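A quick write-up on the structure given underneath.
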């Protein structure tokens, strides 16, 4: 199973053997522990739940503690939809399951940017910076009127609102190097989120 959880460390310049500089991200990946194995007979589908990170037991609910039992108290629990045959409860998965050259997809939550206007959120140009304009440089303009949808505001209208904190999946990223001793993986490109963001890595 080439699936693991990790946290974003920071971005670096990774130099390939031929001297090429590649933008990359260091991920502190694993180790994760298999906390639940699901199969078609009992659950209707195949999946594996893994636990990652440490958490104080008093901060976890009794239902979570009862599920993980003696496996540990984990900060994160995540399920991967993968074939569960041959995977055992309590098994540990480390960064060593990946190797340089693997193509992976990484899922995480993007940075939150708060409440933003249409210029930043949707890339609007705003109003003209000409004579007679007073406070409309960054306004979105008309959102309704009799000529559009009978005067109502149509669904999906691009307007100001909360920006960021979206679940982002980046595909076709390359594993550049694996540091098994420190449980770190260097992945090409930029990954979603800030430093410390939880990332799910799947090959």
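Among the residues of the stretch 148-203, those identified as under 21 Å from the mean Cα position of the chain (by Cα), assigned to a loop (DSSP other than H, G, I, E, B) and closer than 23 Å to residue 120 by Cβ are 165, 166, 190, 191, 192, 193, 194, 195, 197. One residue alone among 145, 150, 189 is on the phi > 0 side of the Ramachandran plot and assigned by TED's automatic domain parsing to the domain that holds residue 96, and that residue is 189. Is at least one residue of the stretch 71-79 assigned by TED's automatic domain parsing to the domain that holds residue 190 and touching a residue at least 60 places away in the same chain (Cβ under 8 Å)? Yes, the conditions are met somewhere in the stretch 71-79. Inside the stretch 99-119, residues that are part of a loop (DSSP other than H, G, I, E, B) and surrounded by 12 or more Cβ atoms within 10 Å (Cβ to Cβ) make up a count of 5.
Across the stretch 120-147, the qualifying residues are those that are over 24 Å from residue 191 (Cα atoms) and surrounded by 15 or more Cβ atoms within 10 Å (Cβ to Cβ), and the one among them that is nearest to the chain's Cα centre (by Cα) is 124. For the stretch 25-46, a residue qualifies if it is part of a strand (DSSP E or B) and either under 12 Å from residue 7 (Cβ atoms) or within 19 Å of the chain's Cα centre (by Cα) (or both), and the qualifying residues are 25, 26, 27, 28, 29, 32. Can you say whether residue 90 is within 24 Å of residue 187 (Cβ to Cβ) and in the same structural domain as residue 183 (by TED's automatic domain parsing), as far as the supplied structure shows? So residue 90 does not fit the description; no. Filter the stretch 86-98 down to residues that are loosely packed, with under 14 Cβ neighbours inside 10 Å, assigned to a loop (DSSP other than H, G, I, E, B) and out of contact with any helix residue (DSSP H, G or I) (no Cβ under 6 Å at 6 or more places or on another chain), then give me how many there are. Qualifying residue count, the stretch 86-98: 3.
Being more than 14 Å from residue 83 (Cβ to Cβ) and surrounded by 17 or more Cβ atoms within 10 Å (Cβ to Cβ) is a property that residue 7 has. All conditions but one from (1) over 21 Å from residue 166 (Cα atoms); (2) modelled with pLDDT of 90 or more; (3) surrounded by 14 or more Cβ atoms within 10 Å (Cβ to Cβ) apply to residue 72; the one that does not is (2).
The values are calculated or read from the model by the stated rules, or taken from the named source; none is laboratory data. On a predicted model such as this, the values are computed, not experimentally measured, just so you know. FYI the Cβ positions are ideal-geometry reconstructions off the backbone, even for glycines, and counts take in every protein chain you see.
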